[in-house]
Amino acid sequence: LQFKTKNGHCDVPVRDSEQGKSRLGNWVKTQRNKKRKNTLKKRRVDLLEQAGLEWKMYNDWEAMFALLLEFKRNNGHCNVLQYHIEQGKRLGYWVNNQRFK
């Protein structure tokens, strides 16, 4: 919850741009994987959802695309750094992921 209070979201990056690997980010990734495999206890699912954790990182393609267009309007390009956060969303990860689809 400290991360959410500081950053306004629960999308913890697996890698911290300042410190390298993020233990919290790896933990969140593990929770998402357990939920996807149906091995995460319901109580934990409920608590994480109450905290604001989104299970699917990019569940709204159109919303992420709109953020990309806004980024382009503000910066004049679409070269979003991988770890860039835009309005609490991991736009950099999303853009990087689109490049490989």
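Distance between the pseudo-spin-label points of residue 73 and residue 34 (7 Å out from Cα toward the beta carbon): 4.1 nm. Computed over segment 1-100, the P(r) tail beyond 18 angstrom holds 51 percent of alpha carbon pairs. Take the Cβ atoms of residue 63 and residue 23, set R0 to 30 Å, and the FRET efficiency comes out at 0.55. For the residue pairs 41/89; 4/72; 56/89; 42/89; 4/37, alpha carbon separations beyond 20 Å are given by 41/89; 4/72; 42/89; 4/37. Summing +1 for each Lys or Arg and -1 for each Asp or Glu among the other residues whose beta-carbon sits under 10 angstrom from that of residue 45 gives +4.
Any read-out appearing in this document is the output of simple, stated calculations on the displayed coordinates, not a laboratory observation. The structure presented is a predicted model; accordingly, all values stated were derived computationally and were not measured. All Cβ positions, glycine included, derive from the backbone under ideal geometry; neighbour counts span all protein chains shown.
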